[in-house]
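Comments concern the structure below.
What follows is calculated from the coordinates using simple rules that are stated; it is not laboratory data. Keep in mind that this is a model prediction, so the values were computed, not measured. Using ideal geometry, Cβ is built from the backbone for each residue, glycine included, and neighbour counts are taken over all protein chains shown.
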Amino acid sequence: MVRVAVDKTAPPLTERLELDVTMDDDLILSVAARSSQRKDAASESYFDLEFGIGLPGSADPTARDVVGPESAAPTGGLTIRANVTDQKDQSLIPGDVLYRHNSRPFQSLPGPYQATEEQLREHLYYQPCSACKRPWGDPRCRCASR
């Protein structure tokens, strides 16, 4: 199990978890995780996966289901946003990335595209405090309380 500390003061679904997953020729799975704001990192390797890897289309009809078909899909606060899409839609670009390449959607000017609320939140989350330059949620930042 890989665990990393996350920013508990962040708005929901804002902080990113960066995952690097690799599998070598000996079927050793290596997982490295890092939280984007807290900068906490952890890694783990798993060695006994030879019979635990399921490939698409290779389901064993005699195998028992761990989760029955009547079970609902798990829900939680973790979502995955794909880095690749088959459509051209700026609303799919994370706010901090969009701002770096095109700040116009974040301005109050009329135009064909305005940043979504989620993109505005993402952009602001990764900006340091304008007064003390500390990152979001830093307990030493008391600028907003003044």
Could you list all residues from segment 94-114 that are under 21 Å from residue 13 (Cβ atoms), touching a Phe, Trp or Tyr at 6+ places or on another chain (Cβ under 9 Å) and without any contact (Cβ under 8 Å) to a residue 24 or more places away in the chain?
105, 106, 114
Just to check your reading of the model, which residue among 91, 130 is closer than 28 Å to residue 8 by Cα, surrounded by fewer than 14 Cβ atoms within 10 Å (Cβ to Cβ) and under 22 Å from the mean Cα position of the chain (by Cα)?
91
Out of segment 10-22, which residues are farther than 11 Å from residue 37 by Cα and in contact (Cβ under 8 Å) with a residue 12 or more places away in the chain?
11, 12, 13, 19, 20
For segment 2-50, enumerate the residues that are in contact with a helix residue (DSSP H, G or I) (Cβ under 9 Å, 6 or more places away or on another chain) and among the aliphatic types (A, V, I, L, M).
10, 13
